[in-house]
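Student: Before we start, here is the structure in question, set down as structure tokens.
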Amino acid sequence: MIRIFRLLSLVPLRWMQTVGALVGWIVWFSSTSYRKQFLINIKSAGLSWSQTKGAVSAAGKMLGEIPWLWARDESKRALDRTLLGDISFIERALNEKRGVIVLAPHLGSWELGAQLLGEILGPKYGDLVALYRPARKAWVDELLIKFRGREHLTFVPTSLAGVRALLRHLKSGGFTAILPDQVPPKGLGVWAPFFGRDVYTMTLLPKLAQQTGALIVLGWCERLPGARYKCTFKDLSSLGIGDKSRTLQDAAAIMNKAVEGLVLEFPDQYLWGYNRDKQPRDLPIHATNTKPNEVSGND
């Protein structure tokens, strides 16, 4: 599998994205569960099919990008394909030895965003350290270990030891990126509103911010035509997610609201097929406002 990934990484990225977009539509038409989840999510967000159908191709492009993102030669930089927004406020925080947490939702190419930050900030400020959940399948985990940790990127497991390592990294003025809309394990989240229904939301990000005083930044990498990207970063200090006086419930709600705003701005690049209503095992069933039987693809 490693050899296949290396070979695929040599294929022009534009071609891989085109093939990926086709795969995205094949999955759409062949998977009832995926299609149902997608439509439930856009209905909850108050969006129509016409506003979001581009996300079907985007999900496929995400898969098509993986060999290039993970297995390409180190000489091929993410920055070479990217229009970069202002990051001066991030550099100021790092110069002051203040940690930085990039809040990066399932929108656009979040994998490229992490690599980009590593390329730009790593030589001066050290590695971007991020958590990763070991894959259930051994061959997938082998790929993650082999390819994901590129230069200036370090991944630690989502264990107590990994979280402690990340905490030390932030306290020493390092930086990280976290997917805030990923359903956390049991005991590591709270119920907070997201597009009109309560979803189990991680508390790790606000906890890290409250314990380290880290700057919280919203970051996203929009896909552009021609296999190029535009990466933008926004200071979220004014929202007070890391304010120690806030409850984790309030901080999670504010965090979800920030993600909502970004998703509404780029609805055709969000991962709508992700089961955001998923509940960790052994938790009491939590009612939501979603009514699947009211959802259709004819909006």
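Derivation of every value follows stated rules applied to the coordinates shown; laboratory data play no part. This is a predicted model, so every value here is computed, not measured. Glycine also receives a Cβ, built like all others from the backbone with ideal geometry; neighbour counts cover every protein chain displayed.
Student: Once you charge only the Cβ atoms, +1 for Lys and Arg and -1 for Asp and Glu, what is the size of the charge dipole of segment 2-272 about its Cα centre, to the nearest 20 debye?
Tutor: For segment 2-272, the charge dipole is close to 520 debye.
Student: Moving on to the next point. Cα atoms only: what Rg and Dmax, in Å, come out for segment 1-144?
Tutor: Calculated on Cα positions, Rg and Dmax stand at 17.7, 52 Å.
Student: Still on this structure: Of all the C-alpha pairs in segment 2-272, what % are more than 33 Å from each other?
Tutor: 18
Student: Short version: ³J(HN,Hα) in whole Hz for each residue of segment 25-34, in order, from phi by Karplus 6.51 cos²θ - 1.76 cosθ + 1.60 (θ = phi - 60°), x for Gly and Pro, what are they?
Tutor: The phi angles translate into 6, 4, 5, 4, 7, 9, 10, 5, 5, 5 Hz.
Student: For the pair Trp25/Gln182, report the inter-label distance in nm, with labels modelled 7 Å from Cα in the Cβ direction.
Tutor: Each label point lies 7 Å from its Cα, and together they span 3.1 nm.
Student: Can you order the peptides 271-278, 31-38 by their average number of other Cβ atoms within 10 Å per residue, highest first?
Tutor: My ranking of the peptides, most packed first, is 271-278, 31-38.
Student: Find out how many positive minus negative residues lie around Gly226, taking Lys and Arg as positive, Asp and Glu as negative, among other residues whose Cβ is under 11 Å from that of Gly226.
Tutor: Once positives and negatives cancel, what remains is +4.
Student: Within the chain, which is the longest segment that contains none of the GluC sites (Glu not before Pro) sitting in a DSSP loop with at most 13 other Cβ atoms within 10 Å?
Tutor: No qualifying site falls inside 152-299, the longest such stretch.
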